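Contents: one structure, followed by commentary.
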Amino acid sequence: MKKVQTDRRKFVKYSTLGILGLVLGGGVIFSPYAVGAENRLRPPGALAEKDFLALCIKCGQCLQVCPYHSIKLSDFAKGHGVGTPYIDANVRGCYACEAVPCVLACPSGALEHTCEKPEDIHMGVAVLEFADTCLAMSNTPVPKGYNQKMIDFTASVVNLTPLEEKLLEKFSGYEGEQCTLCADMCPLSNPLSAIAMVPDEKGGHKPEIYDGCIGCGVCQEVCPTKTPSIVVKPRVTYEQYYASN
Ligand code: SF4
Ligand code: SF4
Ligand code: SF4
């Protein structure tokens with residue numbers, strides 16, 4: 001029987017290494033990319049990919065009710081599953097709404113109604129994939145224009161919601177500060193269950209990710225480095241990602 005790692009602090013240790021380090025360390029028996037090419041973030045409550053694709057009727061109800069405009073419908077350029085909803089964490093993560101309205105709106109069961117609150121969401125797992133570019137780890141202050149992407153996104157939204165306005169406000173004022181954006185913007189009511197900034201060996205700080213992470217993608221969205229240093233591996237649990245023999 002496979003032993004599943006359940007100790008939160010042990011997940012932390014691995015979560016900062018990235019896939020390569022894990023492979024070199026011999027700790028990985030599961031690769032999220034082994035699942036197949038169609039492996040993207042789906043809205044909260046999404047069934048396993050095959051069942052999700054079979055049940056989703058592409059009605060767009062989930063995206064209609066999302067107050068953060070997090071959900072998109074895939075087009076031909078995105079390939080398989082045309083018309084199905086997904087979340088592009090480089091653009092806008094899921095802000096883990098209290099009553100998970102996207103799930104409530106789904107008429108087909110493709111988003112499972114047992115997902116009733118943020119803690120029930122399991123979209124994937126955040127990983128500090130590019131530790132070498134993380135601003136906090138190199139003691140580099142948050143640069144000017146770090147929030148331009150969110151400003152542009154907000155400007156492009158026709159029916160902007162008060163929640164999105166509040167979000168932009170929360171995201172302001174970091175220029176010149178030490179970067180703690182991923183941890184500060186984590187939308188969980190107890191973000192410390194998912195991520196925290198901790199001192200690292202080189203005198204800087206680093207984000208540590210814990211097993212309360214729901215894979216919402218917000219940390220990836222807000223990370224100010226050109227290619228986000230922190231990314232979400234879609235559709236896997238910590239148990240799958242960090243399982244050891
Ligand atoms: S939980 Fe909220 S923010 Fe996340 S996808 Fe659903 S409606 Fe959008
Ligand atoms: S660490 Fe927080 S913001 Fe990042 S994916 Fe996990 S729950 Fe979302
Ligand atoms: S948002 Fe987090 S991962 Fe990205 S640079 Fe800042 S501290 Fe590093």
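Bear in mind that the values in this text are calculations on the coordinates, not laboratory data. In this text, all values refer to a predicted model and were calculated from it rather than measured experimentally. Cβ coordinates were reconstructed from backbone atoms using ideal geometry, including for glycine residues, and neighbour counts include every protein chain displayed.
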Cα gyration tensor of the range 191-245 - equivalent ellipsoid semi-axes, whole Å, descending: 20, 16, 11
Cα-Cα over 27 Å, subset of Lys170/Lys226; Lys58/Lys233; Lys72/Lys206: Lys72/Lys206
Alpha carbon Rg of the range 42-121, scaled by the compact-globule rule 2.2 N^0.38 Å: 0.99
For the range 94-106, 3J(HN,Hα) per residue [Karplus equation, 6.51 cos²θ - 1.76 cosθ + 1.60, θ = phi - 60°, Hz, x = Gly/Pro]: 8, 9, 6, 4, 3, 9, 6, x, 4, 5, 4, 7, 6
Computed E for Leu160/Lys202 - FRET, C-beta separation, R0 45 angstrom, nearest 0.05: 0.65
